[in-house]
Every structure is written in C-alpha cells, then in structure tokens.
Amino acid sequence: MSGTTMTRARLATAAGALAFVAGGIGFGIARLGNTAGSPTQQAQTDQREILYWYDPMIPAEHHDGPGLSSMGMKTIPKYADASSGSTAKPGVTIDPSAMQNLGIRIATTTTGMLAGTLDATGTIDFNQRDVAIIQSRAAGFVQRVYNRAPGDVIARGAPIADVLVPEWGGAQAEYEAVRRTGDRALAAAAAQRLRLLGIPGGTPRGRGMTTVRSPIAGVIQTLDARQGVTLATGQTLAQVNGLATVWLNAAVPEVRASAIKVGQTATAELAAFPAEHFTGRIIAVLPTTQADSRTLTVRIELRNPSGRLRPGMFATVHLGGTSDTALLVPSEAVIRTGTRTLVMLAEDKGRYRPAEVKTGRDAGGRTEILAGLAPGEKVVASGQFLLDSEASLTGIAARPITGDTK
C-alpha cells in the first residue's frame, strides 16, 4: 500500500469518528430538550389520564402523542374525565389555555328589552285605489288628440281629447234659443237636459264639441283616444293612476305575522334616496301567503307629494313595534340544525354541554329565548360549532328544553 493510499484511509477513519461523536452529542441535546420542555412531559405532570391527542377542528382524528394534525394545527390532550362516566357530569372539557387558540368566547344570558322592530324588503307600487277611468259620455267622434302616450305624467285637468257629439249640437242650439226668450223656467229645463245628456257643466261649449280632461293628476296607464275614432257611449278613452300616494308592498315572514297590525307605523329606506327616510302606515295585510317564500304581503301607504317615489323602486322596510322584556342571548350563540335549536352551555371547570332551547324574536344582534335557559347561565358565543361537533362525536346528549340542569 502506497503512502498516498494510507493517508486517505486515515482521513476517512477520522471523519467517520467525528461524525459519530457529533451525532451522539446532537442526540443527547435533543433528548435533553425533549425531556425538559416537551408537551408530553408537561402533560404528565397533570394527574389526569390522557386518552389521546386531537385537533378540535378535526375531533374524529386521534393521535398517540402531541404534534400536528393533518391540517397542520397543534393537537391538545383529551383527558379521561372529559368523557362520560358514572360520576362525571356530561360535557366536553377544554383546557382553559386552549380557549384563546380556539376562539371560544363566553356570554351571559340576561333579561332586557327587545324592541319589536322587524326589517323586510319591498317594492313601490301604484295606489290602486287612486285610479280614474276616463270615458266618453255619449256617442261621437274624436276630433283632436293632445299628443299623449301611456306613461306620460299629467296634471289634474289636462286635456285628453276633443270629442264631437252630434246629439249635443241640437240640444245646445235649443238651450241658446230658450235662453234668449228670457223665460227662466224654460232655460232651467233646457240646462237640465244638457246635464242629462252628459255635457260637462250642463252648459254649451260649442256646437256639439267637448274637451275630455283628466279628473286627477297622475300617470297615463292606457290610452285609446286616437284622432278620427268613432266612440260609443261609455267607451274608455284613458286610464290614469294617481301619484299623490303610493303603496309599498313588503314581504314579511309568516312566522312574524302576529307582530303586524293594521295602522302600525313603518319606515322605508330606498336605494334611490339613501340619505332619506319615508314614513307611512300599514293599511292592509293581504290574506294570502306566498307559498314559495312563506311570506305575507304587507301593504304600506306612503305620501308622494313630489312624485319622486316611482313604482318598481326597491326599499328596505323597518316595521316598528313595542318593546318587551325578554331573556336574551347573542344571536351568534344560537345553533339551528333544522330540526332543533341549541346553545352550548359553559359550565364550571372548562366543561361545555349542549342545551336545547326555544327561540323567539331577533333584533339588534340578540335573540329572545322562550324556554330552555335561565337568567345568568353562560353560553358560548363564538367557537360553539367546534364544541357541538365534539359533543356529537362523544355521544353527549343535549340538555332537554324542560330546563333540567342535573
């Protein structure tokens, strides 16, 4: 063996020895660190038995020791006394140090005033009670139209059409002849005939010619007056909807039907006028329910003197009511499963238990509790869904709505 080969062999042997020594030192430091501050050693100082380690966000996933879950979250211990036993109260136990990490927030049930305010959505519609049907009072012919069209907004007394009524011509001529005689009785009888024939005002206005005018201000809905058209007695020339007042039809959930009364005050906010509030009153609650949305239609009358409220506009409606005393919890604490309603009770020693409740109205971020809770009990207002999932997996039954706390 040459000198160069022997030198290389010695160097390799020395490098291996150094690596072995360094690995042993590193392993010893790692063990020392593990022994001094590992979660396992810290947990062993607790007298309670650890069943397994788990991530509260994945309660079905169990681990033999501390570490990270499949979601990359730090696991926490599950103690033996957290499970249901013969002497322990039913519930889910969470280490108080983990509450902040889980975002658990506790609230106390209180007795307070809950305003009977109900918010709903609605749309502006025409007041169907403020409608004028403009008809021909006698058979005749349309001689002139005034450049009107459906959708036009017109003032009260605006002309719609000039109509020639041949029958009126003879009656008007007779009235003028009688009036010139100076006989008041005959003149009164001739004027009465004019009124019976339908001549506006009962006085002549030209030889059989009359101007048909709108009796109200509003928008023309239909217009059948066309120049040269032959009219029959009672034929409709136009239909006008008034705009002095409008209807706001609001959709109210049927479960809140008992809170709605005719004459009740309502306030509306329109997207077209975000800085304004429009006040009206409920004039009717329609007798039918919308089957698809399970809502009632509440009709509110709003004044519209300037004509800015136009049918079809969208509005948010605030229906006022009286304030009543009620047992209240934060609305976010309520868990609605579809078949029942639950809250998570916060008991002593970090134990949590589901309780079934019956809820009432919601207003201002608070929910009325009709049954299932007592004043002063604590409920979980944030993070309750994780606790409810854990309780379901461990088979913890919810406290019944009778209010039994044992």
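The values are calculated or read from the model by the stated rules, or taken from the named source; none is laboratory data. All values derive from a computational prediction rather than experimental measurement. Virtual Cβ from ideal backbone geometry, glycine too; neighbours counted across all protein chains shown.
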V212: touching a strand residue (DSSP E or B) at 6+ places or on another chain (Cβ under 8 Å) and over 18 Å from H318 (Cα atoms), yes or no? yes
Of (1) buried (at least 17 other Cβ atoms within 10 Å of the Cβ); (2) of a type in the set (D, E, K, R); (3) modelled with pLDDT of 95 or more, D125 satisfies all except one. Which? (1)
Among the numbered conditions (1) under 29 Å from D130 (Cα atoms); (2) surrounded by fewer than 16 Cβ atoms within 10 Å (Cβ to Cβ); (3) touching a Gly at 6+ places or on another chain (Cβ under 8 Å), tell me where A149 comes up short. (3)
When segment 250-263 is checked residue by residue, the ones that are surrounded by 17 or more Cβ atoms within 10 Å (Cβ to Cβ) and more than 15 Å from the chain's Cα centre (by Cα) are I260
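Residue by residue, here is whether (1) at pLDDT 80 or above; (2) assigned to a helix (DSSP H, G or I); (3) farther than 15 Å from L114 by Cβ; (4) not polar (S, T, N, Q) holds:
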| residue | (1), (2), (3), (4) |
| --- | --- |
| R361 | no, no, no, yes |
| L373 | yes, no, no, yes |
| V379 | yes, no, yes, yes |
| F385 | no, yes, yes, yes |
| D388 | no, yes, yes, yes |
| A391 | no, yes, yes, yes |
| K406 | no, no, yes, yes |
Quick test of your reading of the structure: T295 fulfils all but one of (1) surrounded by fewer than 16 Cβ atoms within 10 Å (Cβ to Cβ); (2) touching a helix residue (DSSP H, G or I) at 6+ places or on another chain (Cβ under 9 Å); (3) farther than 30 Å from Q143 by Cα. Name the failing condition by number. (1)
Among E269, E276, E301, which is the only one that is charged (D, E, K, R), loosely packed, with under 12 Cβ neighbours inside 10 Å and not in a loop (DSSP other than H, G, I, E, B)? E276
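Looking at this structure, is L286 part of a strand (DSSP E or B), at pLDDT 90 or above and in contact with an Asp or Glu (Cβ under 6 Å, 6 or more places away or on another chain)?
When the stated conditions are applied, L286 does not pass them.
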